[in-house]
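Everything on this sheet refers to the single structure shown next.
Computed from the coordinates by the stated procedures, all read-outs in this text should not be read as laboratory data. Just so it is clear, the structure is predicted and the values come from calculations on it, not from any experiment. All Cβ positions, glycine included, derive from the backbone under ideal geometry; neighbour counts span all protein chains shown.
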Amino acid sequence: MFEQIAEFFKNIQLVHVFELVVFTLVFFFMLNVLRKNNAKLIIVLFVVFTAVVSALCYLDIIDHAIAIILFALFALGVVILFATEIKREVWNSSIKGSDVKHWDSVSIRENAKECTNEIIKAVQSMSKNNVGAIIILANSNMPSGILDSGVAVNSDISSALIESIFFPKTPLHDGAMIINGTKIQAAGCFLPLSQEISLPKELGTRHRAGIGITETINVTAIIVSEETGVISVATGGKLKRYADTEMLKNTLKSFYWQDMLGN
C-alpha cells in the first residue's frame, strides 16, 4: 500500500498541484459569493456542474483541457452575473485589516445614541430646506484615494457642523462627507458613480455616487436631494427613497451596532 501511495505522489507533477490549488480557490470563492447573495439555484447548478465535469474528466470521457475550459466558462458566467458583488467582495477583503475602535458597552451606547440623533437632526433639517447632501457611513474601510480627494476633518459629529459643511456655495458642499465611527473623518470627497443604466433619469450625481460607492464597498450612503428634499439610503448598490425617521434610526443602528461591533 505504501508503495502505491509513494508511486501516486511520484507521478504528481507541479503543474497538477498548481491547477488543483487554483481550482479550489476559485471554486470556494465563487461558492462564497453565491451564498452571500442567496443564489441557491445557481449554487446547486455550480456544484452539480463541477461534479459532473470532474467525473467525466476522471473517466477519460472528456479531455482534461476541455474540462478546464468548461469550468472556466461557467465561472466566467458567474463573474458576469455577479460582477458588482464580486468587486465589492474583493475590495472589502483588501481592507479588512484596518484598525477599528473598541469601546466599552456603556460608551458605545452613549456615543451611538448621540451620533444618531445629531445625524438625523442634520439630515432632516437639510431635507426641509432642500439642501443637497451625501453622507457615507464607513468604518475604517474607506480607500485612502477617496479620503485624499477631500479635506480631512476629524471632528466630533454634530448637526451644526454637518449642516455648515453642506451649506450651499461652501467649498465642500458638493462632495461626500465620510463618517467613521463617532467622527466626521473627511468632507468634499469624490466618489465613483454607478454605471447602472436602469436607474431613473431623475436621479442626479449625488444619488449615482451614493449607489456607486455601495456597489464596491460595504458602506451605507445617506443622500438628501437638492431638488426635492427627499432623503434616500443606499446599501449594497440598492437605493431606498423617502426615508423617514424610523428608517434613518434603523440605518444608523445597523451601522453602529452591526458594522462596528459585529453584533
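Grab the beta carbon distance between Val22 and Trp257, set R0 = 30 Å, and tell me the FRET efficiency rounded to 0.05. It would help to have the intermediate numbers written out before the result.
On the way: r = 39 Å, r/R0 = 1.29.
Result of the calculation: an efficiency of 0.20.
Count the net charge of all other residues whose Cβ sits under 12 Å from the Cβ of Asp156, scoring Lys and Arg as +1 and Asp and Glu as -1.
Local net charge: -1.
Which order do Val48, Val153 fall in if you start with the one that has the fewest other Cβ atoms within 10 Å?
Ranking Val48, Val153 by Cβ neighbours within 10 Å, fewest first, gives Val48, Val153.
Lys and Arg at +1, Asp and Glu at -1: add these up for the other residues within a Cβ distance under 13 Å of Lys113 and post the number.
On the way: positive: Arg109, Lys121, Lys249, Lys253; negative: Glu110, Glu114, Glu118.
Local net charge: +1.
Summing +1 for each Lys or Arg and -1 for each Asp or Glu, what net charge is found among the other residues whose Cβ lies under 11 Å from the Cβ of Phe190? Please list the in-between numbers first.
On the way: positive: none; negative: Asp148, Asp174.
Once all neighbours under 11 Å are counted, the net charge is -2.
Which loop trypsin sites (Lys or Arg not before Pro) in region 162-213, with loop taken from DSSP, have no more than 12 other Cβ atoms within 10 angstrom of their Cβ?
Sites meeting the loop and neighbour criteria: Lys169, Lys201.
Take the Cα coordinates of region 105-259, assign each an equal point scatterer, and use the Debye formula without solvent to give log10 I(q)/I(0) at q = 0.09, 0.14 Å⁻¹.
Log10 I(q)/I(0), no solvent term: -0.24, -0.60.
Would you mind checking Lys128/Lys183; Lys183/Lys253; Lys169/Lys238; Lys113/Lys169; Lys113/Lys238 for any pair whose Cα atoms are more than 22 angstrom apart? Walk me through the numbers before you get to the answer.
Numbers: Lys128/Lys183 24 Å; Lys183/Lys253 16 Å; Lys169/Lys238 29 Å; Lys113/Lys169 31 Å; Lys113/Lys238 26 Å.
Check vs 22 Å cut-off fails for Lys128/Lys183; Lys169/Lys238; Lys113/Lys169; Lys113/Lys238.
So for the pair Leu56, Arg241, with labels modelled 7 Å out along Cα→Cβ, what separation do we get in nm?
In this crude spin-label approximation the distance works out to 4.7 nm.
In terms of the ratio Rg/(2.2 N^0.38 Å) built on C-alpha atoms, what value belongs to region 183-263?
For region 183-263, the normalised Cα radius of gyration comes out at 1.10.
Based on the Cβ-Cβ distance from Ser144 to Lys113, what FRET efficiency comes out when R0 is 30 Å, to the nearest 0.05?
Once the sixth-power term is evaluated, E becomes 0.50.
Please list 3J(HN,Hα) in residue order for region 66-76, calculated via the Karplus relation 6.51 cos²θ - 1.76 cosθ + 1.60 where θ = phi - 60°; whole Hz, with x for glycine and proline.
5, 4, 5, 5, 4, 5, 5, 5, 5, 4, 4
Based on the Cβ-Cβ distance from Lys128 to Ile68, what FRET efficiency comes out when R0 is 45 Å, to the nearest 0.05?
Details: r = 60 Å, r/R0 = 1.34.
My answer for the efficiency is 0.15.
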